[in-house]
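First comes the structure, then the notes that go with it.
Quick note: the coordinates plus some simple rules give every number you see, no bench work behind them. Note that the structure is predicted; figures quoted are calculated from it, not measured. Reconstructed Cβ throughout: ideal geometry from the backbone, glycine too, with neighbour counts over all protein chains shown.
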Amino acid sequence: MAKHTRKEDWIAILTGTLIVAQGIFFLQAAHLLTGGTTGLALLLSKVVPWSFGTLYFLTNCPFYLLAWKRFGTQFALNSAISGALVSLFADHLHLVIHVDMVNPVYCAIAGGLLMGLGMLILFRHRSSLGGFNVLCLYVQDKFGISVGKTQMAIDLTILVTSYFFVEPIILLYSIIGVLALNLVLGMNHKPHRYIVKYN
């Protein structure tokens, strides 16, 4: 399979991170959560006086080292840049867009789909968002289990843990978003359909 050019990779990273940040914006608008380090950062932002973007980048930092060790310098660098861009975009989208009426079901579905699409773009251009994405890519690479299935298991574990910190209805809506996100990944990022070279 022909490799993407460096120009294509950078355009994809900008596109993918903006789409992910837009998905996070919808989740934040309805006070919803999600899985992975994004979910952890959203949960922490409710109790820690730091912005989501700061918390998101900090929780991802250890996984960039894993990305470097397992997938090489370029993939780790791309992932760190992607994580930083999502943090930057997510913290500043409120300057260009404002939601006056919020339907939590729509926000859950739209947020999950947008995040899944953005992550899919990044995966196919030698990047990720760090965090559990790196672990999921490792599991797919090592054992042939799709990213969507592994991500789903991790996300549901985090959401179940969140039960002790949020209202049950918020948790229910959040699960809908996680299902939407992983539906995109599960159907579109299968190891036998698209092979990515990380080094």
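How about segment 1-20: which of its residues are surrounded by fewer than 24 Cβ atoms within 10 Å (Cβ to Cβ) and in a helix (DSSP H, G or I)? Steps first, answer last, please.
Going through segment 1-20, the residues surrounded by fewer than 24 Cβ atoms within 10 Å (Cβ to Cβ) turn out to be 1-15, 18-19.
Those that are surrounded by fewer than 24 Cβ atoms within 10 Å (Cβ to Cβ) and in a helix (DSSP H, G or I): Arg6, Lys7, Glu8, Asp9, Trp10, Ile11, Ala12, Ile13, Leu14, Thr15, Leu18, Ile19.
If you scan segment 49-75, which residues turn out to be in a helix (DSSP H, G or I), out of contact with any Gly (no Cβ under 9 Å at 6 or more places or on another chain) and not basic (Lys, Arg)?
Phe52, Gly53, Thr54, Leu55, Leu58, Leu65, Trp68, Phe71, Thr73, Gln74, Phe75
Would you pick out the residues in segment 160-176 that are assigned to a helix (DSSP H, G or I) and hydroxyl-bearing (Ser, Thr, Tyr)?
Thr161, Ser162, Tyr173, Ser174
Filter segment 119-150 down to the residues that are of a type outside the set (Ser, Thr, Tyr) and farther than 19 Å from Ala76 by Cβ and list them by number.
Result: Leu120, Phe143, Gly144, Ile145, Gly148, Lys149.
In segment 141-150, what residues are assigned to a helix (DSSP H, G or I) and closer than 9 Å to Gly186 by Cα?
Val147, Gly148, Lys149
Just checking, how many residues over segment 114-134 are surrounded by fewer than 23 Cβ atoms within 10 Å (Cβ to Cβ) and under 13 Å from Leu18 (Cα atoms)?
Count: 3.
Can you say whether Gly53 is touching an Asp or Glu at 6+ places or on another chain (Cβ under 6 Å), crowded, with 20+ Cβ neighbours inside 10 Å and under 17 Å from Leu135 (Cα atoms), as far as the supplied structure shows?
no
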